[in-house]
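Worksheet: the structure to be examined is printed underneath.
Bear in mind these aren't lab numbers, they're just calculated from the coordinates by the rules spelled out. Quick caveat, the model's predicted, so the values are computed rather than measured. Every residue, glycine as well, gets a Cβ built from its backbone with ideal geometry; the counts of neighbours run over all protein chains shown.
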Amino acid sequence: MEKKVFELDFRGRKIVVEHGEMAKQAHGAVLVRYGDTVILSTAVVSKNANILSDFFPLMVLYQEKLYSVGKIPGGFIKREGRPTEAATLAARMIDRPMRPLFPEGFRNEVQIVNTVLSVEQDNSPEITALFGSSLATCISKIPFDGPIAGVKVGRVDGKLVINPTAEEAEKSDIDLTVAGTKYAINMVESSAKEVSEADMLEALMFGHEAIKELVAFQEKIIAEIGEEKMEYETLEISDELREEISKACRDDLDKAMRIEDKILKYETIDKIKEDVVNSYIEKNSDLKEAELEELVTKVKLVLEDLEYEIFRRIVVKEHTRADGRKMTEIRPLSTDIDVLPRVHGSALFTRGQTQSLSITTLGALGESQILDGLSLEDEKRFMLHYNFPQFSVGETGRYGSPGRREIGHGALGEKALAQVIPSEEEFPYTIRVVSEILESNGSSSQASICAGCMSLMAAGVPIKAPVAGIAMGLITDGDDYTILTDIQGMEDHLGDMDFKVAGTRNGICALQMDIKIKGITEQILKEALAQAKDARMEVLDVMQKQIAEPRKEVSKYAPKMETFMIKPEKIKDVIGKGGEMITKIICEASNVTAVNDMRAVKVDIEDDGKVVIYHMDKEVIEKTAQMIKDIVREVEEGKVYNAKVVQIEEFGCFVQVWPGCEGLVHISKLAKERVEKVTDVVKVGDEILVKAIGVDKKGRLNFSRKDAM
């Protein structure tokens, strides 16, 4: 296969696509170079399909290789292990805009693998991988209604920037990832520093213009090297079967879908479907097992299509929601704080049948999360973790390590609240929020933001402003569409868009959009943002009625803290040889025998000399601080000190000015008259006034009793 190279000058940086040299047995493979960032993207499709399956088996992988940034993996096993959270989020970011563009009914397994070979921090490997995933799929035989592309949008000093550099991203008040086709946007992920709806919409459309350039570049490549698309097997369903099932249960399904209670609604719908399926099994019991299985699958698919059709008619044509709400109406809200007595902060947020219990824990800066990934960031002091147990939806299921959904929802909540978290200088704590979803019927990630915000305020974290989140939906029927506020489970499952907006009263802090259709217009985005703002204000009103502002003090169960600075060159004196001195300080101040004792004081010392001390007891903190200050205090020449005699020698006595600070009073400096024996003047334990007179040739502090008298 001949190697081909394609180049594009994209906004001042070069994108190079190489094809035909690497991974030639994959059905589609491209090596994409964006500056010094290099990604190998491959796409492979299975020969056979399980047409009786009820889902499309797409797997998107984003494989971080630490050699790409010149690192060796940490830990005992020196090879890459399970994906980092960043890698999981990158894979989700690629999957979300691509999945809706595969044909309906296509059931061949597709695997898209992105291997990160080299990373230049100014050129996003995630955006490069999204470009490569689309192109590798488009040039292959895999049916796909692309190409798509994505860009990052930042705003530096009021000016919008495509794919900002690391330095620009640091200054930017918008961190937006937007993806789509040349026709429309179909995926959004963003965090922002309280940006207005109008500014966010401008950034979205600015990003889409750049996407069109990348799609045009892909189309040029596809025209030259793209393969003919494969034929694939689908499950054919006759019009007669559709009409027969519709007559049998349409009216019953229509009534069931108008039931307001989620559990009763689902139970009723499931019973109607079950009865229809059983009736076909009974009528066709003479069929072979494989034929009967195929028939049952067809019946189930028709029932799903019928449910989808009825739902859309109810919402778009009748302007009625399944639970009786208006299109812009939020479900009933309730809040509570201090639900758990011994944690540092807790809050319960309930919206309809969705409920989050969020807990905030404060820890020392040394307890921040260490990141072993490809980014410049090596640690994180604010975390939000999201847990979704199966009992929250009344089901049994898998329990174990968090999946992509849990990681994604937690990351969205973390982005939203991170915008209002105080700086390390303002509040030198590591902060962890955990959202336990106790009940779910739509938008538990936004409930996590609301509950998490209240738990932070209850814990005494001085956040800049309260944050609330709301999920918007879109239902289309031809050219008609309806935007829904505060979507619940069925509206999410059967709808066309899940558009989540979180922010303060001043502006947007986080945004996420996934759609199941090919894209949405600027007008729909504008309406959804405006509707979401109204809802956000309503939720904030309820939250602030419960807790108006952060508490002035942290919980009595949270560690208290004191911060001060020492000279960086004195750090070694505080640590001591092999950590001997700091261990002694911690054990003595805390009255424990080991530094890993839970009762021991925590001491963080940073390279710039910043010392942060944490403990539940302020007296322990004060004692620790004094011991450290005594070590780093410097004697001022000419100043008189009260000192204690600690050692007698023939040539003089050693005195302790404070713990860790000792010096010599020479026999000639003990008194104004001549002294024959040191013990004639002082003995061990005496307290005397001494004056600092300098340092001798041996580096010892010298004091004079005679000059202090």
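Kindly provide the helix-only [θ] at 222 nm of the chain, computed as the sum of -39,500 (n - 2.57) over DSSP H runs of four or more divided by all residues, to the nearest 500 deg cm²/dmol?
Taken over the chain, the calculation gives -10000 deg cm²/dmol.
Please state the charge dipole magnitude for the stretch 636-709, taken about the Cα centre, from unit charges on C-beta atoms (+1 on K and R, -1 on D and E), reported in debye and rounded to the nearest 20.
120 debye
I need the chymotrypsin sites (Phe, Trp or Tyr not before Pro) found in the stretch 1-57, filtered to DSSP loop residues with at most 10 other beta carbons within 10 Å of theirs.
Sparse-neighbourhood loop chymotrypsin sites (Phe, Trp or Tyr not before Pro): 55.
Taking the Cα centre of the chain as origin, sum charge times position over the Cβ atoms of Lys and Arg (+1) and Asp and Glu (-1), and report the length of that vector in debye to the nearest 20.
2800 debye
Could you point to the residue in 302, 287, 315 farthest towards the positive end of the stretch 285-333's charge dipole, with +1 and -1 charges on the Cβ of Lys/Arg and Asp/Glu respectively?
The listed residue farthest towards the positive side: 315.
Sorted from largest down, give the three principal axis spans of the alpha carbons of the stretch 333-546, whole angstrom values.
Result, largest extent first: 56, 42, 40 Å.
Mind running the shape call on the stretch 203-255? Use the C-alpha gyration tensor, a ≥ b ≥ c as the square roots of the eigenvalues: rounded below 1.5 for a/c, prolate if a/b tops b/c, oblate otherwise.
Oblate shape, in that a/c is at least 1.5 and b/c is the bigger or equal ratio.
Where the eigenvalues come from the Cα gyration tensor of the stretch 640-704, what are the semi-axes √(5λ) of the equivalent ellipsoid, largest first, in whole Å?
Equivalent-ellipsoid dimensions as semi-axes: 16, 13, 11 Å.
Compute the Cα gyration tensor for the stretch 513-575, then decide on rounded, prolate or oblate, letting a ≥ b ≥ c be the square roots of its eigenvalues: rounded whenever a/c is under 1.5, prolate when a/b is larger than b/c in the other cases, and oblate in all that remain.
oblate
Work out the charge dipole of the chain with +1 on the Cβ of Lys and Arg and -1 on the Cβ of Asp and Glu about the Cα centre, then indicate which of 27, 90, 489 is farthest towards its positive end.
With unit charges placed on the Cβ atoms, the residue in question is 90.
In what sequence do 481, 614, 62 fall when counting other Cβ within 10 Å, fewest first?
Going from sparsest to densest Cβ surroundings: 481, 614, 62.
Enter the Cα centre distance for the pair the stretch 304-359 and the stretch 413-453, rounded to the nearest angstrom.
When both Cα centres are located, 19 Å separates them.
In whole angstrom, how long is each semi-axis of the equivalent ellipsoid of the stretch 4-225, when you take the square root of 5 times every eigenvalue of its Cα gyration tensor and sort them from largest down?
The equivalent ellipsoid of the stretch 4-225 has semi-axes of 27, 22, 18 Å.
Going 7 Å from the Cα of residue 369 in the Cα-to-Cβ direction, what parts of the stretch 388-402 have a backbone nitrogen less than 12 Å from that spot?
Within reach of a label on residue 369, which here means backbone N under 12 Å from a point 7 Å along Cα→Cβ, the stretch 388-402 contributes 402.
Kindly give the semi-axes, whole Å and largest first, of the ellipsoid equivalent to the stretch 547-630, taking each as the square root of 5 times a Cα gyration tensor eigenvalue.
The three semi-axes for the stretch 547-630 are 24, 16, 10 Å.
Over 47 Å, how big is the tail of the calculated P(r) for the chain, in percent of all Cα pairs?
Cα-Cα pairs of the chain separated by over 47 Å account for 34 percent.
From the square roots a ≥ b ≥ c of the eigenvalues of the alpha-carbon gyration tensor of the stretch 239-317, which class results: rounded (a/c under 1.5), prolate (a/b over b/c), or oblate?
It is prolate, given that a/c is not under 1.5 and a/b is the larger ratio.
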